[in-house]
Amino acid sequence: MSEAEEQEKPETMDEPEEQEKPETMDEPEEQAEPQTMSEPVIQGADMKELIEYIAKSIVDAPDDVKVDEETDEEGLTTLKLQVADEDKGRVIGKQGRIAEAMRALLRVKAAKASVRVRLEIV
Amino acid sequence: MNENKTEIAEVAQTILETLLDLMGVPASVNQEHGALVESEVEVPSTITLNVEGDDPGILIGRRGQTLSCLQYLVRIIIGHQEKVWVPIVIDVEGYKQRRCNALQSLAWRIAEQVTQRKEPFALEPMPAFDRRIIHLTLVGHLDVTTESSGEGEARRVVVIPKGLPSD
């Protein structure tokens, strides 16, 4: 059945609902701009998820965790992590150790994806 | 190994796997139980999560810094979720085990030298984890004792012959 699966990438983007996949692995809904298909587009959301997961796992108010992301014209992505005031110390850590650890993991991810990312705690 | 600890090992493994996945590093995680160091004193047994993947270097980082950040975050997350502090050790392709073995050989070699020359010997400055291995290795030694001196980055282990009048 591999041939059927191959056809999941329709050449024309105008009828995306035609194939119903049981689970959407990589939510293609945001692919508004028709980029060249040769290189996979690095979604900033990917970078966000890592920080979001860590932050939500170490704070008392996970629902207040918010990560905004901006990419400037030079391709530098900035992640802005926002948490409840009482949780700020938790995501920063003693002498900034937790923030530094999050940055270290983010660097690995950025290196793998060949992008530049920085993390700010706001 | 009690049940609670086994359970925590499972939780730790899941957290680590999630982190690796989110980092975009394809890798598998195996649990190893038991102490990393051979010592005369009883070292509390730890849970070691050993990571194997295509790119161990990127996870270890310069001087093992990325690895220690990964370990630190897993410990913090478990501490927060389970409200217990468990000394989870994260290793990549046996990097720490090899380092540990190398430090143990070094400790034995220096101890022998100190015994023969009957004068103290100061090792290179080392991080806490490494110093601890040296101390633990020589804790039951008949002819030498160890202590740490210096502050911060410059802190180092000094191996001292026993019976030397201290000043």
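The values are calculated or read from the model by the stated rules, or taken from the named source; none is laboratory data. Everything numeric here is computed off the predicted structure, so don't read it as measured data. In this analysis, Cβ positions are derived from the backbone assuming ideal geometry, glycine residues included, and neighbour counts consider all displayed protein chains. The protein model used for the area step is the full one, side chains on, heavy atoms only, and it has no ligands, DNA or RNA in it. Shrake-Rupley method; radii C 1.70, N 1.55, O 1.52, S 1.80 Å.
Take B:Ile77 and decide whether it is more than 18 Å from B:Pro161 (Cα to Cα), in contact with a strand residue (DSSP E or B) (Cβ under 8 Å, 6 or more places away or on another chain) and within 14 Å of chain A (Cβ to nearest Cβ). Spelling it out, it is not the case that B:Ile77 is more than 18 Å from B:Pro161 (Cα to Cα), in contact with a strand residue (DSSP E or B) (Cβ under 8 Å, 6 or more places away or on another chain) and within 14 Å of chain A (Cβ to nearest Cβ). Taking the conditions exactly as written (of a type outside the set (A, V, I, L, M, F, W, C) and crowded, with 17+ Cβ neighbours inside 10 Å), does B:Thr6 satisfy them or not? So B:Thr6 fails the test. Would you mind stating whether B:Val114 is at pLDDT 95 or above, buried (at least 16 other Cβ atoms within 10 Å of the Cβ), in a helix (DSSP H, G or I) and not assigned by TED's automatic domain parsing to the domain that holds B:Ala27? Answer is yes for this residue.
If we scan the range B:48-57, do we find a residue that is open to solvent by 40 Å² or more (accessible area, probe 1.4 Å), assigned to a loop (DSSP other than H, G, I, E, B) and among the charged types (D, E, K, R)? Looking through the range B:48-57, at least one residue is open to solvent by 40 Å² or more (accessible area, probe 1.4 Å), assigned to a loop (DSSP other than H, G, I, E, B) and among the charged types (D, E, K, R).
Taking the conditions (1) at pLDDT below 95; (2) closer than 24 Å to B:Arg75 by Cα in turn, A:Ala61 satisfies each one other than (1).
The single residue among A:Glu33, A:Glu100 that is modelled with pLDDT under 95 and open to solvent by 60 Å² or more (accessible area, probe 1.4 Å) turns out to be A:Glu33. Annotation: B:Lys83 fulfils all but one of (1) in contact with a helix residue (DSSP H, G or I) (Cβ under 9 Å, 6 or more places away or on another chain); (2) closer than 30 Å to A:Ser57 by Cβ; (3) not β-branched (Val, Ile, Thr); the unmet one is (1). Total residues in the range B:11-25 satisfying the condition of being farther than 16 Å from B:Ile60 by Cβ and more than 9 Å from every other protein chain (Cβ to nearest Cβ): the figure is 6. Taken over the range A:48-86, the residue count meeting the criterion of being open to solvent by less than 20 Å² (accessible area, probe 1.4 Å) and free of Cβ contacts under 8 Å to residues at least 24 places away in the same chain is 3. Got a number for residues in the range B:26-38 being more than 12 Å from chain A (Cβ to nearest Cβ), surrounded by 16 or more Cβ atoms within 10 Å (Cβ to Cβ) and touching a Leu at 6+ places or on another chain (Cβ under 9 Å)? So the count comes out to 2.
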